[in-house]
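The values are calculated or read from the model by the stated rules, or taken from the named source; none is laboratory data. If you're wondering where the values come from, they're calculated on a predicted model, not measured in any experiment. Cβ coordinates were reconstructed from backbone atoms using ideal geometry, including for glycine residues, and neighbour counts include every protein chain displayed. Just so you know, the surface numbers come from the protein's heavy atoms only, side chains and all, with ligands and any DNA or RNA stripped out. Shrake-Rupley method; radii C 1.70, N 1.55, O 1.52, S 1.80 Å.
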Amino acid sequence: MTDTHERAVVVNDETLSNGWTRLSNYTLDYTDRGGATHRLRREIFHRTPAACILLHDARRDIVVLARQFRLPAYLTGDPAWMIEVPAGLLDGDGAEEAIRREAMEETGYRVRDVKFLFKALTSPGSVTEVVHFFYAPIDLSDRVEDGGGLAEEHEDIEVLELPLDEAVAMIGSGEIIDAKTIIMLQWAVINRASLAG
């Protein structure tokens, strides 16, 4: 099979918008599996890398989540105050350093043992953002601040402590619709036995 870089050649990259994130209109020549070359156009949002974390108290089988307003959900008619795992952009830091910072800012929990799980593109058809997924065991003594996010960023985050089974049930009821949170909750259920050990 031909190398991917030989099958797709960028002909033009036009910036359509360059605000909070950059929106580009790419023109590329793409050679399909049959050997025919086609000129394609794709709009791409350039997003910096991000990280998310599942905070889990195995003794109580509680997960710590954050509820905050999300404009895209509001615009699509979905629950605008979305329930999510703590997450944020790396902002130039390493993924683990960034997620420790975000966990504290959003939930007030100091995380000690952070475990990297995997990374994923959550919308690879149009967004360059790579999300690094982490897990951290916590207990009540780890909550050293109130959390709630940064006032200067108007995050207004409500910290939720929910039984894992209740949080998982909220996926089916439509109360949790955030992809990274669904992935993390399902990961916790799959790995429940080892997390309790």
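Here are some notes:
- Checked against the criterion of being of a type in the set (K, R), in contact with a Ser or Thr (Cβ under 8 Å, 6 or more places away or on another chain) and more than 19 Å from E166 (Cβ to Cβ), region 98-113 has no qualifying residue.
- One residue stands out in region 6-48 among those that are among the acidic types (D, E) and in a strand (DSSP E or B): the one that is nearest to V127 (Cα to Cα), namely E43.
- Test result for T107, modelled with pLDDT of 90 or more, in contact with a Gly (Cβ under 7 Å, 6 or more places away or on another chain) and closer than 13 Å to C52 by Cβ: yes
- Scan of region 130-173 for residues that are modelled with pLDDT under 95, open to solvent by less than 80 Å² (accessible area, probe 1.4 Å) and part of a loop (DSSP other than H, G, I, E, B), ordered by number: I138, D139, V144, G147, G148, G149, L150, E155, I157
- Residues that are modelled with pLDDT of 95 or more and acidic (D, E), drawn from region 67-96: E84, E96
- Residues that are at pLDDT 90 or above and open to solvent by 40 Å² or more (accessible area, probe 1.4 Å), drawn from region 113-125: D113, K115, F116, F118, K119, L121, S123, P124, G125
- Test: residue in region 48-62 that is polar (S, T, N, Q) and out of contact with any strand residue (DSSP E or B) (no Cβ under 7 Å at 6 or more places or on another chain): no
- Number of positions in region 45-64 that are open to solvent by 40 Å² or more (accessible area, probe 1.4 Å) and in contact with a Ser or Thr (Cβ under 6 Å, 6 or more places away or on another chain): 3
- Tally of residues being free of Cβ contacts under 8 Å to residues at least 60 places away in the same chain, touching a Ser or Thr at 6+ places or on another chain (Cβ under 6 Å) and assigned to a loop (DSSP other than H, G, I, E, B) across region 74-95: 1
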